[in-house]
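Here's the structure, in structure tokens; my notes come after.
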Amino acid sequence: MKRREFFKKAAVTAGAAALGTTAAEAGTTHQPIDNRKISDVAFPEKRPLITYSDRPPLLETPREVFTCALTPNDQFFVRWHMPDIPTYIDPDKFTISVNGMVNKALKISLKELKEDYEQVEVAAVLQCGGNSRSAFSPTAGGIQWGNGAMGCALWKGVRLRDILDRAGVKKGAEWLAVRGSEKAAYYETPDFIRELHLDELDDHVIIAYQMNGEDLPYLNGFPVRLVIPGVYSDSWIKMIDNITVSDKYEKLFFMDHAYVVPDNECECETPEKKFPKTKPIYRMNVKSVIGYPTNGDKLTLKSQAVVRGVAFDGGAGIKTVKISLDGGKTWEDAILDSGKLGRYAYRTFRYSFKPKKLGKLEIMAKAINKLGEEQPLAKDIKWNHGGYKYNGIDVVTVEVV
Ligand SMILES: Nc1nc2c(c(=O)[nH]1)N[C@H]1C(S)=C(S)[C@@H](COP(=O)(O)O)O[C@H]1N2
Ligand SMILES: [Mo]
């Protein structure tokens, strides 16, 4: 299915949909791994993070960071596909080219971007479609992320639509291709490009040069990246150097082959039988992650404990987060923050209680959005080859002492 047809469809929650006839029982899921191993070396502008690879850099944010609405830049996760990332970019010389089916090709400098266009801000969650992939069993190919391939930031930049208006899109043009500046180590790998349909460009789609009030960290796409609130981050191209407007959709390696799920109602398949048709992952499903306490923490019997975490979805907005302390038999509402960062940002939640019994205690968090979509239990999530869109109810296990 073409992306254009796909994004016109309403968001679907993985696992919430009924099983189709071709659907699987064989692949299962469990809780994602909770990797506590933080590297003792750090990349520039980053604190030590959970490190899967340093070339290309693959860094995960530890769970305890998910108690605040905005993720600090130096703890924000990092994902690159290709190792040959430019090692130096001169902000005074850098330009973004806009070309193809436009009346006037542009080369926009950073200074022009900051001074000649209306400046806008949006708080939005950036989440890899493969976040929590380690939950899938058998193993789905790709980085075995825990829950930390996500973060939320306040992005500042310029509407992509305003840039295209300045260039003047020619009649008949439908697509634009946004390219990152890094290169593959081997020539066979295609450039990292994302194609957007012009209809996708609402006011929230921006070319951002700032994140939480500072220049983008180098590893998060300095000097400019695409921000598409509510959408999985394979589309949020970093280090953009070129935008081409076209009337044709090119088959793209990363978007059409890598970041796809089965194109059936449950978005599921079995390890043995791949569903033949796929569609790109797009709008994020509803999810929550507990930031405190974390697995293995000790809570004191009969004294006040406050569970804290973050919840988000693809932009409908969070309605409630519910907490269970009895394995999902009963649920109580957590308290949500005011929501002033908007519907694309994390809603932080907290829930106070006093542990009543010594020993092991499981704390579960389930977010429900304004469309009534909710997180399924880990065991009810359906399997897919790419290990995408995991959004099982989060569970941490603590010890009451
Ligand atoms: N240029 C470029 N942009 C990219 C990628 C990439 O490899 N190159 N990876 C994408 C994917 S799959 C993810 S998950 C996010 C990660 O963004 P971050 O590193 O800022 O967390 O960037 C996206 N944009
Ligand atoms: Mo990703």
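Only the coordinates and a few stated rules stand behind these numbers; no lab work does. Since the structure is predicted, the reported quantities are computational estimates derived from the model, not experimental observations. Cβ atoms come from the backbone with ideal geometry, glycine included; neighbour counts cover every protein chain shown.
Observations, loosely collected:
- Percent of Cα pairs in segment 97-137 per distance bin of 10 Å, from zero to the largest separation: 20, 24, 25, 19, 12, 0.
- Amide H contacts of L299: E399, V400, V401, each under 5 Å away and 5 or more positions distant or on a separate chain (H built 1.01 Å from N in the peptide plane; Pro and chain starts excluded).
- Taking the Kirkwood radius as Rh and the Cα radius of gyration as Rg, segment 114-160 has a ratio of Rg/Rh equal to 1.25.
- Between segment 61-85 and segment 269-327, the alpha-carbon center distance in angstrom: 18
- Close amide-amide hydrogen proximity is noted between F77 and T61, M150, each under 5 Å apart and 5 or more residues distant or on a separate chain (H modeled in the peptide plane; Pro and chain starts excluded).
- Among the cysteines of the chain, those with no neighbouring cysteine Cβ under 4.7 Å are C68, C128, C152.
- Residues L201, L59 arranged by fewest to most Cβ contacts within 10 Å: L201, L59
- Residues in segment 192-198 carry Karplus couplings, in order, of 7, 10, 10, 9, 10, 7, 4 Hz; the curve used is 6.51 cos²θ - 1.76 cosθ + 1.60 with θ = phi - 60°, and Gly or Pro positions show x.
- C-alpha center-to-center spacing [segment 184-248, segment 120-153] in angstrom: 17
- Computed from backbone phi with θ = phi - 60° and the Karplus coefficients 6.51, -1.76 and 1.60, the 3J(HN,Hα) list for segment 263-273 is 8, 10, 5, 8, 6, 9, 6, 9, x, 7, 10 Hz; x is used for glycine and proline.
- Principal semi-axes of the equivalent ellipsoid, √(5λ) from the alpha carbon gyration tensor of segment 1-283, are 30, 25, 17 Å from largest down.
- Volume in Å³ per residue [convex hull over Cα atoms, computed for segment 133-278]: 155
- For the chain, built as a Gaussian network whose Cα springs stay under 10 Å, the top-fluctuating residue of P376, P86, P48: P86
- Computed from backbone phi, the HN-Hα couplings of segment 177-182 come to 10, 10, 10, x, 8, 7 Hz, rounded to whole numbers (Karplus: 6.51 cos²θ - 1.76 cosθ + 1.60, θ = phi - 60°; Gly and Pro given as x).
- Ignoring aspartates and glutamates fewer than eight residues from K382 along the same chain, the ones with Cα atoms less than 12 angstrom from its Cα are E25, E265, E267, E269.
- Rounded to the nearest 0.05, the FRET efficiency derived from the C-beta distance between S53 and K274 at R0 = 25 Å is 0.40.
- Rounded to the nearest 500, the 222 nm mean residue ellipticity of the chain from helices alone is -1000 deg cm²/dmol, with -39,500 (n - 2.57) taken per DSSP H run of at least 4 residues.
- Here's how it looks for I393: its modeled amide H is under 5 Å from those of L377, A378, which are all 5 or more places away or on a different chain.
- Extension gain, E265-I89: 0.36 nm per intervening residue step, less the Cα-Cα distance, totals 58.9 nm.
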